[in-house]
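This report concerns only the one structure given below.
The values are calculated or read from the model by the stated rules, or taken from the named source; none is laboratory data. For clarity, every value in this text was computed on a predicted model and none was experimentally measured. Every residue, glycine among them, receives a Cβ derived from its backbone with ideal geometry; neighbour counts consider all protein chains shown. Just so you know, the surface numbers come from the protein's heavy atoms only, side chains and all, with ligands and any DNA or RNA stripped out. Shrake-Rupley method; radii C 1.70, N 1.55, O 1.52, S 1.80 Å.
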Amino acid sequence: MNMRATNAGAYRMGSLLADFQPDFDFSAPLPLPVEEFEDRLRRIRRQAVEAGHDALVVHAGSVGWFHASNAYLRYICDWMREGVLIIPTDADKAMVLLSFFTQSVLLPPGGEPVLVDEIWQIGPIGREYADRPGDSVLKTAEKCAEVLASLGLAKAQIGRIGDRTSLTFWSALDELMPKSKFVADNAILDRMQKVRSLPEIEMFRAAAQLISIGTQAAYHVAKPGVTDHEILAVFTYAQMALGGETGDGYQIGINEFGTHCGKPYGHIVRPGDLINLYISNVTYRGYTAQTARMIAVGDISSHQEDVLAACTEGVKRAEKLIRPGALMRDVNNAAFEPMIERGMLTSAEARTMPYNWSPMEDGGARLIPNQYVKDIDWEAQGRKLMHVYPATHGPHNPNLGHSVGMAGGQNSFNISSHNYDRMEEGMVFVLHTQWLEPLSAGCNIGDMYVVTKDGFENLSRHTPLETHRVAAEA
C-alpha cells in the first residue's frame, strides 16, 4: 500500500512551531477552591432532602483512553477517574468513594478527591486479568450495599445518578438491596450546572484561551504542502503545553468543498482548500471550551465566499442579543436571518429546517448517495471515497448552539427555535453557524460566550471570527 500521503511532512517534525508565539498571555487559574465544592455539597444534600432521598449514589464508569464516562464525580469532589460516590443526606455521616475497579489505572495527582472521608479500592478482577474469580462490577455493588447498610440505609429511598455504563451496577444493587427504593435523579446535578459560578467561569475562560493559542498555532503552520495531521498536531502541542488535559476533542476537515467534522487522514493542503478547525472540546481542569474557525487557502469560489459571509454575519447578529433575559429562541433565529435573506433557508424553525444528518421527511432512514468522489490523498493510501457526505444540504445541526460544561457532561440546554427559556447571568455556551452543501461549499464558525450582568463576554475573542486567509504559494 502506498503511504506517501501520510509521510509527506515527516522531515518537518519539530520545526513547524520553532518561531511561534501567541499574541496574548495565557492566564492559568489555580484549581477550584475547596469552598466551591463545600457549597456544591450543601446544595446537593438540600436537593436530596427535598426529593425525599436518604442518600445519593453517584456512578461514573470508564470509557476508552482513560476517561471517566461522565463528569459527575469531578463536579462533586474533583475525582477524575471512575468511581461510586455515596453521599448520605445527613451531613454528619461520612461520604464514601469506591474506586479502582477498572483496568484504566490512573493515580493522583490530578485527582485527590475533595471532602471524601473514605476511599475503598475495589480492584479490577476476573480470570483473564487477575486469574481470580469474581466480577469487578458485582464487587463494587456488594461494597456499596455494605456501606449503605452500615449507615443505616438498608431500607431507604436512595437517589441514583449515572449513565449507560451504570446499568449493570444498578441492576446488581437492586438485587442486593431489595428493601430499598432507588430513584433515578440525575436532574439534581444537571440543574446545578445550568448557571456557573465565577470560579467556574475562570476555568472556562482558560480553556477558551487554550483554544485560541492552539488556533493561532494552526494558522502559523497552515499552508500548501502541510498535512492535516501536522495542523492538528501543532494545535494539540500548543494547547497541551499550557495545561490542556486532552488531545482528542476536536475535528479537522480539509477539502475544496469546506467539509467539517472530520478527522485527519493524510490530506495535503493545496490552493483552493477550505480548512475547518472544529474545536469541540479543549479541557482545562475538567472544564471545556468550544469554537470553530475556517481557513481559506488561496482563491475559493464566489459561492463559497457567500456561504462564509452568511455564517459569519449570523454569529455576529446573534451575539448582539446576548444578555440576561434574552429569549434563547430570538438569539437562535437571528443567526439564521442571513441564510434566509440569501435564499439558503426559508425558516429558522428547527422542525422544518433541513440539516446534514436529518432523516427523511417521514422520519425514516436516508440513503447515503453512492458516488465516486475524487480524493487523491485517500487514493494514495489504496482506498477510494465512494459515498457523498453529508447526504443532504443545510446546517450541520438544526440549531445555533448549546451549553458548554465539563468534559464528559451532557448539554444542559440547546439554543434553538423551540427553546423559550431566557438567558441568565453565568450561562456558558457556544454559538456556531454551520452550512454544508455536498461537493459545493461549506462553513462552520462559532464563538464561546458567558452571560454577564450587563451583556456578555466573548471567551474566544483572541482569534477573529472571520475566515483566516492563507496565500496559495507555500
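Summary of values
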{"item": "Residue in region 158-174 that is within 28 Å of residue 103 (Cα to Cα), open to solvent by 50 Å² or more (accessible area, probe 1.4 Å) and aromatic (Phe, Trp, Tyr) present", "result": "no"}
{"item": "Region 286-299: number of residues that are surrounded by 22 or more Cβ atoms within 10 Å (Cβ to Cβ) and outside any strand (DSSP E or B)", "result": "1"}
{"item": "The lone exception for residue 375 - which of (1) acidic (Asp, Glu); (2) surrounded by fewer than 20 Cβ atoms within 10 Å (Cβ to Cβ); (3) under 18 Å from the mean Cα position of the chain (by Cα) it fails", "result": "(3)"}
{"item": "Pick from region 28-39, criterion of a type outside the set (Gly, Ala, Ser) and not in a helix (DSSP H, G or I), ranking: surrounded by the fewest Cβ atoms within 10 Å (Cβ to Cβ)", "result": "30"}
{"item": "Looking only at region 233-255, and only at residues there that are part of a loop (DSSP other than H, G, I, E, B) and without any contact (Cβ under 8 Å) to a residue 40 or more places away in the chain, the one that is nearest to residue 286 (Cα to Cα)", "result": "247"}
{"item": "For residue 104: the one exception among (1) surrounded by fewer than 21 Cβ atoms within 10 Å (Cβ to Cβ); (2) under 24 Å from residue 39 (Cβ atoms)", "result": "(2)"}
{"item": "Set 99, 104: member being within 20 Å of residue 163 (Cα to Cα) and either of a type in the set (A, V, I, L, M, F, W, C) or at pLDDT below 90 (or both)", "result": "104"}
{"item": "One residue from 138, 198 being surrounded by 14 or more Cβ atoms within 10 Å (Cβ to Cβ) and on the phi < 0 side of the Ramachandran plot", "result": "138"}
{"item": "Neighbours by Cβ (under 8 Å, 6+ apart or cross-chain): first from region 212-232, among the acidic types (Asp, Glu); second open to solvent by 10 Å² or more (accessible area, probe 1.4 Å) and assigned to a helix (DSSP H, G or I)", "result": "230/12"}
{"item": "Flag if residue 434 is touching a Pro at 6+ places or on another chain (Cβ under 6 Å) and of a type outside the set (Asp, Glu)", "result": "yes"}
{"item": "Residues that are part of a helix (DSSP H, G or I), under 13 Å from residue 449 (Cα atoms) and open to solvent by 30 Å² or more (accessible area, probe 1.4 Å), drawn from region 309-336", "result": "316, 319"}
{"item": "Residues within region 60-86 that are open to solvent by less than 10 Å² (accessible area, probe 1.4 Å) and part of a strand (DSSP E or B), tallied", "result": "5"}
{"item": "Filtered residue count, region 348-401, keeping only those that are within 17 Å of residue 437 (Cα to Cα) and small (Gly, Ala, Ser)", "result": "3"}
{"item": "Residue check, residue 254 open to solvent by less than 10 Å² (accessible area, probe 1.4 Å) and either under 26 Å from residue 22 (Cα atoms) or in contact with a helix residue (DSSP H, G or I) (Cβ under 7 Å, 6 or more places away or on another chain) (or both)", "result": "no"}
{"item": "Residue ID - nearest to residue 249 (Cα to Cα), chosen from residues in region 40-52 that are open to solvent by 10 Å² or more (accessible area, probe 1.4 Å) and in contact (Cβ under 8 Å) with a residue 60 or more places away in the chain", "result": "41"}
{"item": "Residue 391 out of contact with any Ser or Thr (no Cβ under 6 Å at 6 or more places or on another chain), part of a loop (DSSP other than H, G, I, E, B) and within 23 Å of residue 278 (Cα to Cα)", "result": "yes"}
{"item": "Helices (runs of 4 or more DSSP H) fully within region 124-226 counting 2 or more residues that are modelled with pLDDT under 95 and more than 24 Å from residue 55 (Cβ to Cβ)", "result": "127-130"}
{"item": "Checklist (1) open to solvent by 10 Å² or more (accessible area, probe 1.4 Å); (2) not in a loop (DSSP other than H, G, I, E, B) applied to residue 57, failing item", "result": "(1)"}
